[in-house]
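I have placed the structure first, in the form of C-alpha coordinates, so that the comments after it can refer back to it.
The values are calculated or read from the model by the stated rules, or taken from the named source; none is laboratory data. Because the structure is predicted, anything quoted here is derived from the model rather than measured. Backbone-built Cβ (ideal geometry, glycine too); neighbour counts: all protein chains shown.
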Amino acid sequence: MALLNWQDARHFDATQNLPCALCGKPTPMRSHDREPVHKVCAEDWCDQHPGSIRFHS
(Lines give C-alpha, C1' and ligand atoms only; values in the text may rest on other atoms or scores of the structure.)
Protein backbone atom coordinates (compact mmCIF):
# COMPACT_ATOMS: atom_id res chain seq x y z
CA MET A 1 0.00 0.00 0.00
CA ALA A 2 1.32 3.42 -0.96
CA LEU A 3 0.66 6.04 1.70
CA LEU A 4 -0.40 9.47 0.51
CA ASN A 5 1.42 12.50 1.92
CA TRP A 6 -1.27 14.98 2.86
CA GLN A 7 0.67 17.02 5.42
CA ASP A 8 -0.08 20.26 3.61
CA ALA A 9 -2.75 22.23 5.50
CA ARG A 10 -4.72 22.66 2.26
CA HIS A 11 -5.84 19.03 2.66
CA PHE A 12 -7.82 19.95 5.78
CA ASP A 13 -10.97 22.09 5.85
CA ALA A 14 -11.52 23.33 9.40
CA THR A 15 -14.78 25.03 8.43
CA GLN A 16 -16.90 22.04 7.46
CA ASN A 17 -17.17 18.29 7.08
CA LEU A 18 -18.48 17.04 3.74
CA PRO A 19 -19.45 13.49 2.71
CA CYS A 20 -16.45 11.44 1.59
CA ALA A 21 -16.60 10.85 -2.17
CA LEU A 22 -15.93 7.16 -1.54
CA CYS A 23 -17.64 6.09 1.70
CA GLY A 24 -20.14 8.91 2.26
CA LYS A 25 -19.17 9.54 5.89
CA PRO A 26 -18.32 13.13 6.93
CA THR A 27 -14.72 14.26 6.58
CA PRO A 28 -12.75 17.52 6.86
CA MET A 29 -10.08 16.05 4.56
CA ARG A 30 -9.74 17.21 0.94
CA SER A 31 -7.78 15.78 -1.97
CA HIS A 32 -5.41 17.96 -3.98
CA ASP A 33 -8.44 18.74 -6.18
CA ARG A 34 -10.48 19.74 -3.07
CA GLU A 35 -12.61 16.58 -3.31
CA PRO A 36 -13.79 15.50 0.16
CA VAL A 37 -12.23 12.12 0.94
CA HIS A 38 -10.70 10.35 3.93
CA LYS A 39 -6.99 9.68 3.49
CA VAL A 40 -7.56 5.98 4.24
CA CYS A 41 -10.41 5.78 1.69
CA ALA A 42 -8.18 7.43 -0.92
CA GLU A 43 -5.32 5.03 -0.17
CA ASP A 44 -7.65 2.03 -0.48
CA TRP A 45 -9.01 3.39 -3.77
CA CYS A 46 -5.49 3.92 -5.12
CA ASP A 47 -4.59 0.33 -4.20
CA GLN A 48 -7.64 -0.91 -6.11
CA HIS A 49 -6.90 1.34 -9.12
CA PRO A 50 -3.14 1.10 -9.75
CA GLY A 51 -1.80 3.75 -12.07
CA SER A 52 -4.60 6.21 -11.29
CA ILE A 53 -3.63 9.70 -10.20
CA ARG A 54 -7.06 10.65 -8.82
CA PHE A 55 -5.88 11.32 -5.25
CA HIS A 56 -2.17 11.94 -5.83
CA SER A 57 -0.83 15.46 -5.83
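Some notes on this structure:
- Subset of the range 1-17 [among the hydrophobic types (A, V, I, L, M, F, W, C) and either part of a strand (DSSP E or B) or farther than 14 Å from HIS56 by Cα (or both)]: ALA9, PHE12, ALA14
- Just so you know, in the range 13-35 the residues that are touching a strand residue (DSSP E or B) at 6+ places or on another chain (Cβ under 8 Å) and hydrophobic (A, V, I, L, M, F, W, C) include one that is nearest to LEU3 (Cα to Cα), and it is MET29.
- Count - residues of the range 36-55 that are exposed (fewer than 14 other Cβ atoms within 10 Å of the Cβ) and closer than 11 Å to LEU3 by Cβ: 1
- Residue match in the range 18-27 (condition: among the hydrophobic types (A, V, I, L, M, F, W, C), within 8 Å of the chain's Cα centre (by Cα) and not in a loop (DSSP other than H, G, I, E, B)): no
- Listed by first and then second residue, the pairs with beta-carbon distance under 8 Å, at least 6 apart or on different chains, first residue in the range 23-41 and modelled with pLDDT of 90 or more, second assigned to a strand (DSSP E or B) and exposed (fewer than 14 other Cβ atoms within 10 Å of the Cβ), are LYS25/PRO19; PRO26/PRO19; THR27/PRO19; PRO28/PHE12; MET29/PHE12; ARG30/PHE12; PRO36/PRO19.
- Scanning the range 29-55 for residues that are of a type in the set (Ser, Thr, Tyr) and either under 19 Å from ALA14 (Cα atoms) or part of a helix (DSSP H, G or I) (or both) returns a single hit, SER31.
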